[in-house]
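The values are calculated or read from the model by the stated rules, or taken from the named source; none is laboratory data. Owing to the predicted nature of the structure, the values given are computational and were not obtained by experimental measurement. Please note: Cβ atoms are built from the backbone with ideal geometry, for glycine as well, and neighbour counts cover all protein chains shown.
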Amino acid sequence: MKKSFSLLFIFIGLFLLTASNTSKKSAKRVILLGLDGISIEGFQKAVHPNIDKLFEAGVISMNTRTVMPSVTMPNWTSHLTAAGPEQHGVFGNDWTMEKHPLSPQETDAEGYFPSIFKWVKEQVPQAKTAFYYNWANLIKPFNKKYLDEIHFEENDQYLYNYNAAFDFILKNKNRPTLTFLYSVHADHAGHKHKWMSQEYIRAIEEVDAEIGRLVDKLKAEGLFADSHFLLFTDHGGIGNGHGGTSPNEMLVPWMISGPGIRKNEQLQSPNSNANTAAVVAHLFQIKELPASCIGKVPSGIFIK
């Protein structure tokens, strides 16, 4: 009798463990909203009802730190690789594959530091990836062979990219998708007119309207509820520039929403731009990251 009860308890334990492991499903689609040059002060001053609505049922950080230096290419590379400049080797906006002072600690077959796009293509069955951008240098640190769709839009424009991203998501609605949707226009407004100028604030508010239209189209096609959204930036600014260590340059917004994400919470744990790809990997249940990655999943994001 005791032996029978022991076997019964073992069976129940295994069943519960299996049920627990299978209940957490891999993400269906992840949409990365990359807005260049958004400072905490600028975000707080701008009016952005669509961003607010999208992330009010998620987790928001207002103390995420950039990697050093607080300039564009090192930080976007860190966002998408879970590594710092010390690991991926991108220290400035003049980085090229042919000319850079420090080689990556790890590379793929073509010499690139492995990105989240590589991890997804290799570890998520049937996954599709896309990269939309409007600053020409941005794509240089990433191996294009892991991207199913790429589009560059000139002159700081981004409306075509938002429409193309929706078409990509709709076309691949039955596959796991990772869509990176980036715009540099707010950063350029800061450089031209100063951070916190009317033109800079207007640039944030204009893209908020486009984010709202994208969300509406996803809802109309039944693609919103099972999507994950992340919104993040590379640095803030002060005066007409950035690159220093002031809070206005180093502290940036970072937010996430979607299935399995905690609701209506401010992220209290420390966060870094180097953590973003690690969070995306967790969403897709990717287990194998490059050994030199430093990114991790901050506590307080996922429902346990």
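Scanning the range 105-120 for residues that are more than 16 Å from the chain's Cα centre (by Cα) and either outside any loop (DSSP other than H, G, I, E, B) or not β-branched (Val, Ile, Thr) (or both) gives Gln105, Glu106, Asp108, Ala109, Glu110, Gly111, Tyr112, Phe113.
Inside the range 236-291, can you point out the residues that are under 30 Å from Ala109 (Cα atoms), touching a Leu at 6+ places or on another chain (Cβ under 8 Å) and either assigned to a strand (DSSP E or B) or not small (Gly, Ala, Ser) (or both)?
Thr276, Val279, Val280, Phe284
If you check Glu110 against the conditions, is it in contact (Cβ under 8 Å) with a residue 12 or more places away in the chain and surrounded by fewer than 16 Cβ atoms within 10 Å (Cβ to Cβ)? Yes; evaluated as a whole, the condition is true for this residue. Inside the range 292-301, can you point out the residues that are touching a Leu at 6+ places or on another chain (Cβ under 9 Å) and surrounded by 15 or more Cβ atoms within 10 Å (Cβ to Cβ)? Matches in the range 292-301: Gly295, Pro298, Ile301.
At pLDDT 95 or above, over 12 Å from Phe117 (Cα atoms) and not in a helix (DSSP H, G or I) - does that describe any residue in the range 162-171? Within the range 162-171 (the criterion being at pLDDT 95 or above, over 12 Å from Phe117 (Cα atoms) and not in a helix (DSSP H, G or I)), the answer is no, since none of the residues qualifies. Residues in the range 22-77 that are buried (at least 20 other Cβ atoms within 10 Å of the Cβ), assigned to a helix (DSSP H, G or I) and modelled with pLDDT under 95: 0 in all.
Going by what's in this entry, would Leu218 be described as among the aliphatic types (A, V, I, L, M), assigned to a loop (DSSP other than H, G, I, E, B) and under 21 Å from the mean Cα position of the chain (by Cα)?
Numbers: among the aliphatic types (A, V, I, L, M): yes; assigned to a loop (DSSP other than H, G, I, E, B): no; under 21 Å from the mean Cα position of the chain (by Cα): yes.
It is false that Leu218 is among the aliphatic types (A, V, I, L, M), assigned to a loop (DSSP other than H, G, I, E, B) and under 21 Å from the mean Cα position of the chain (by Cα).
Among the residues making up the range 44-59, those that are touching a residue at least 60 places away in the same chain (Cβ under 8 Å) and either β-branched (Val, Ile, Thr) or farther than 16 Å from Ser257 by Cβ (or both) are Lys45, Ala46, Val47, Ile51, Val59.
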